[in-house]
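These notes concern the structure reproduced below.
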Amino acid sequence: MIGDMIRYRRKEKGLTLSELSRKTGVSKSYLSYLERNKKKNPSIEIVRRIFITLDLPLTPLFYQERTIDRPVMAMEERSV
């Protein structure tokens with residue numbers, strides 16, 4: 001989830017929530033909600049500011065690998 005990515009990278013960069021808040025202009029409490037995955041739909045602009053500050057790529061947020069939950073049936077199995 002986004003919050004896990006933010007927390008991991010923030011700690012990796014040695015930043016406190018207060019420091020990240022100052023750098024991004026996003027409140028410390030909002031950042032805390034995001035990191036704990038309590039805020040489910042943050043705006044693209046907020047996420048962009050945080051990700052740019054933390055040097056995280058935005059691309060993975062928009063492109064997710066699709067997985068197949070079940071195998072595609074063979075042609076013979078589909079006919080009734």
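The values are calculated or read from the model by the stated rules, or taken from the named source; none is laboratory data. Since we're looking at a predicted model, the values are computed, not measured. Note: ideal-geometry Cβ built from the backbone for every residue, glycine included; neighbour counts use all protein chains shown. Accessible surface is based on the protein model in full, side chains and every heavy atom, while ligands, DNA and RNA are left aside. Shrake-Rupley method; radii C 1.70, N 1.55, O 1.52, S 1.80 Å.
Looking only at region 1-14, count every residue that is surrounded by fewer than 17 Cβ atoms within 10 Å (Cβ to Cβ), modelled with pLDDT of 95 or more and out of contact with any Leu (no Cβ under 8 Å at 6 or more places or on another chain) and tell me the total. The total comes to 4.
Looking at region 58-78, is at least one residue surrounded by 15 or more Cβ atoms within 10 Å (Cβ to Cβ) and either at pLDDT below 95 or over 13 Å from ARG7 (Cα atoms) (or both)? Working first, answer last.
Narrowing region 58-78 to residues surrounded by 15 or more Cβ atoms within 10 Å (Cβ to Cβ): none.
Checked against the condition, which is being surrounded by 15 or more Cβ atoms within 10 Å (Cβ to Cβ) and either at pLDDT below 95 or over 13 Å from ARG7 (Cα atoms) (or both), region 58-78 yields no hits at all.
Taking each residue of region 22-45 that is at positive phi and looking for partners that are of a type outside the set (Val, Ile, Thr) and open to solvent by 100 Å² or more (accessible area, probe 1.4 Å) with beta-carbon atoms closer than 6 Å, six or more apart or interchain, yields ASN37/MET1.
Any residue at all in region 17-25 that's among the polar types (S, T, N, Q) and assigned to a loop (DSSP other than H, G, I, E, B)? No, because not a single residue in region 17-25 is among the polar types (S, T, N, Q) and assigned to a loop (DSSP other than H, G, I, E, B).
Within region 30-46, how many residues are in a helix (DSSP H, G or I) and either out of contact with any Ser or Thr (no Cβ under 9 Å at 6 or more places or on another chain) or open to solvent by 100 Å² or more (accessible area, probe 1.4 Å) (or both)? Working first, answer last.
Start the filter on region 30-46 by keeping residues that are in a helix (DSSP H, G or I), which leaves 30-35, 44-46.
Next, from what is left, pick out any that are either out of contact with any Ser or Thr (no Cβ under 9 Å at 6 or more places or on another chain) or open to solvent by 100 Å² or more (accessible area, probe 1.4 Å) (or both): 32-35, 44-45.
Matching residues across region 30-46 total 6.
Residue check: ASP55 meets all listed conditions (1) exposed (fewer than 14 other Cβ atoms within 10 Å of the Cβ); (2) without any contact (Cβ under 8 Å) to a residue 12 or more places away in the chain but one, namely (2).
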